[in-house]
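For reference, the structure is listed below as structure tokens.
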Amino acid sequence: MAVSKDLVDILCCPLTKVPVRLMTGEELKKLNAAIGSGSLVQADGAKVAETMEEALITEDGTRIYKVKESIPIMLKDQAIDAAQLA
């Protein structure tokens with residue numbers, strides 16, 4: 001089951017208040033490749049270990065938030081800096 005589009009439409013980054021959108025298939029592929037290589041960390045410094053079927057990214061492309069079992073995890077300390085994917 002996918003996260004509701006109505007929910008995504010009202011969510012924003014808790015740090016910057018920038019709206020979020022679902023990541024595309026290509027973006028998820030790049031994200032999961034970085035997770036697989038062990039190079040991705042959250043804002044709190046914890047390594048991201050689990051690949052994602054869904055994720056949200058801020059519209060300005062700076063932060064990524066996990067979606068687990070169709071529930072967005074919009075916690076500041078679990079945000080992923082998208083610059084790590086460059």
Exercise for the section: Filter segment 3-27 for residues that are in a loop (DSSP other than H, G, I, E, B) and either touching a Lys or Arg at 6+ places or on another chain (Cβ under 9 Å) or modelled with pLDDT of 95 or more (or both) and give the result. Expected result: L11, C13, P14, L15, T16, K17, V18, M23, T24
Fill in the blank from the handout: Considering segment 28-57, residues that are of a type in the set (V, I, T) and in contact with a helix residue (DSSP H, G or I) (Cβ under 8 Å, 6 or more places away or on another chain), and then whichever is surrounded by the most Cβ atoms within 10 Å (Cβ to Cβ), we arrive at I57
Problem - One residue from S70, S39 being of a type in the set (G, A, S) and closer than 21 Å to I10 by Cα - result: S70
Fill in the blank from the handout: Result of the Cβ filter at 7 Å on segment 19-39, keeping first residues that are within 10 Å of I57 (Cβ to Cβ) and partners that are acidic (D, E) and not in a helix (DSSP H, G or I), at least 6 apart or interchain, is V20/E59; R21/E59; L22/E54
Handout entry: Which numbered condition L56 misses (of (1) in contact with a Pro (Cβ under 6 Å, 6 or more places away or on another chain); (2) in contact (Cβ under 8 Å) with a residue 60 or more places away in the chain)
Key = (2)
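This table checks each residue for (1) in contact with a Phe, Trp or Tyr (Cβ under 6 Å, 6 or more places away or on another chain); (2) among the hydroxyl-bearing types (S, T, Y); (3) in a loop (DSSP other than H, G, I, E, B); (4) at pLDDT 95 or above.
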residue: M1; (1), (2), (3), (4): no, no, yes, no
residue: K29; (1), (2), (3), (4): no, no, no, yes
residue: I35; (1), (2), (3), (4): no, no, no, yes
residue: T51; (1), (2), (3), (4): no, yes, yes, yes
residue: I57; (1), (2), (3), (4): no, no, no, yes
residue: Y65; (1), (2), (3), (4): no, yes, no, yes
residue: M74; (1), (2), (3), (4): yes, no, yes, yes
residue: D77; (1), (2), (3), (4): no, no, no, yes
residue: A83; (1), (2), (3), (4): no, no, no, yes
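The values are calculated or read from the model by the stated rules, or taken from the named source; none is laboratory data. Here the structure is a predicted model, which means the values were calculated and not measured. Here Cβ is always computed from backbone atoms with ideal geometry, including for glycine, and neighbour counts include all displayed protein chains.
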